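All remarks here apply to the structure that follows.
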Amino acid sequence: MVSSIQNAVAVVSNLTSPARIKSPHCTPLAARLRAVAPTDLSPDQREALAVVGRIADEVDAITKDRMRTAPPALRGPRNNAVTSWSSMNAALLAIATVPGDVDADGPEAAAIALKLFPQGITFTQDDAHAVWRSGHVLISRITEEGLEARLDALVPALRASVMHTHTQLGSALGVDGSVGAVPTTRSLADAVSRFAFAVSSYARALSVGLDPQNEVAMERFEKALGPIEDFRVTGKSDGDDEADEGPPPVFPPGTPPPFVS
């Protein structure tokens with residue numbers, strides 16, 4: 001009997017201890033816990049389970065915000081802006097090859113290309129933020145130096161293309177206020193830690209008043225919390241982003257231990 005009680009206590013201790021959970025597993029674990037939850041949960045237990053679901057939604061929201069401004073999401077707008085600037089530069093250089101005694105546009109195009117791109121377009125090798133900043137400076141110069149009309153005459157539609165793709169890149173980066181502050185890796189790790197804490201709090205709520213000698217009650221407890229073991233991180237796996245997991249949460253001082261009613 002002592003051995004069986006010790007085993008039961010070990011099971012409860014394991015299931016109520018804070019676990020490390022990966023960010024992609026928060027929503028599946030919350031759904032699994034809801035699916036196997038006892039139908040006779042107390043109001044406090046039901047609220048603890050609801051908190052698990054709400055924090056899983058927070059983890060997903062942070063993940064989506066990070067995805068919107070992650071490098072893959074910026075690749076298209078960045079490449080479009082790079083193409084527009086490259087096309088304008090190439091077009092000006094092509095016109096610049098026309099001798100002045102053939103067409104006056106040649107020398108003018110050469111002068112504008114040298115003025116705007118004295119170092120060429122090396123900035124197009126930079127990341128999305130740097131490309132936008134360089135484009136912002138160039139567009140300001142074009143306006144301040146009164147080059148809009150001449151560019152429209154020399155390279156029709158290319159200035160409009162530059163403006164359009166620059167605006168699109170700015171929107172993708174959120175510099176126009178259309179995208180909020182990008183959540184940091186730390187904010188995701190913090191949300192995952194809060195989720196793990198909420199799962200442990202739910203488990204502890206289920207353990208309140210639990211009799212480790214009651215086999216039926218123990219079976220109910222283990223069934224309700226079994227999904228935790230399917231998602232608990234027990235070691236580092238290849239390809240995992242450990243920074244998203246965060247350290248296992250710790251219950252604050254004064255938190256009642258399991259079994260206390």
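The values are calculated or read from the model by the stated rules, or taken from the named source; none is laboratory data. If you're wondering where the values come from, they're calculated on a predicted model, not measured in any experiment. With ideal geometry, Cβ positions are generated from the backbone for all residues, glycine too; neighbour counts draw on all protein chains shown. Heavy atoms of the whole protein, side chains included, go into the accessibility calculation; ligands, DNA and RNA do not. Shrake-Rupley method; radii C 1.70, N 1.55, O 1.52, S 1.80 Å.
Here are a few things to note about the model shown:
- Pair list, Cβ < 8 Å and 6+ apart or interchain, from the range 77-97 residues that are among the aromatic types (Phe, Trp, Tyr) to residues that are open to solvent by 30 Å² or more (accessible area, probe 1.4 Å): Trp85/Ile121
- Selection status of Asp240, open to solvent by 20 Å² or more (accessible area, probe 1.4 Å), modelled with pLDDT under 95, touching a Lys or Arg at 6+ places or on another chain (Cβ under 9 Å) and charged (D, E, K, R): yes
- Where His164 falls short, out of the listed (1) open to solvent by less than 70 Å² (accessible area, probe 1.4 Å); (2) at pLDDT 95 or above: (1)
- Scanning the range 11-37 for residues that are without any contact (Cβ under 8 Å) to a residue 60 or more places away in the chain and not aliphatic (A, V, I, L, M) yields Asn14, Pro24, Thr27, Arg34.
- Counted residues, the range 110-132 - those being under 35 Å from the mean Cα position of the chain (by Cα), on the phi < 0 side of the Ramachandran plot and part of a loop (DSSP other than H, G, I, E, B): 3
- Restricting the range 11-56 to residues that are of a type in the set (Val, Ile, Thr) and part of a loop (DSSP other than H, G, I, E, B), the residue that is least open to solvent (accessible area, probe 1.4 Å) is Ile21.
- When Asp60 is tested against (1) touching a Ser or Thr at 6+ places or on another chain (Cβ under 7 Å); (2) at pLDDT 95 or above; (3) among the charged types (D, E, K, R), just one condition goes unmet, and that condition is (2).
- Boolean, Ala81 is touching a Gly at 6+ places or on another chain (Cβ under 7 Å) and among the aliphatic types (A, V, I, L, M): yes
Quick grid of which residues meet (1) crowded, with 20+ Cβ neighbours inside 10 Å; (2) within 26 Å of Arg20 (Cα to Cα); (3) modelled with pLDDT of 90 or more:
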{"position": "Leu158", "(1), (2), (3)": "no, no, yes"}
{"position": "Thr184", "(1), (2), (3)": "no, yes, no"}
{"position": "Arg220", "(1), (2), (3)": "no, yes, yes"}
{"position": "Val233", "(1), (2), (3)": "no, yes, no"}
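- Only one of the listed residues (Arg75, Arg34, Arg46) is closer than 19 Å to Leu173 by Cβ and more than 15 Å from the chain's Cα centre (by Cα). That residue is Arg75.
- Pairs, first closer than 13 Å to Thr165 by Cβ in the range 134-145, second of a type in the set (Ser, Thr, Tyr) and buried (at least 18 other Cβ atoms within 10 Å of the Cβ), C-beta under 7 Å, six or more apart: none
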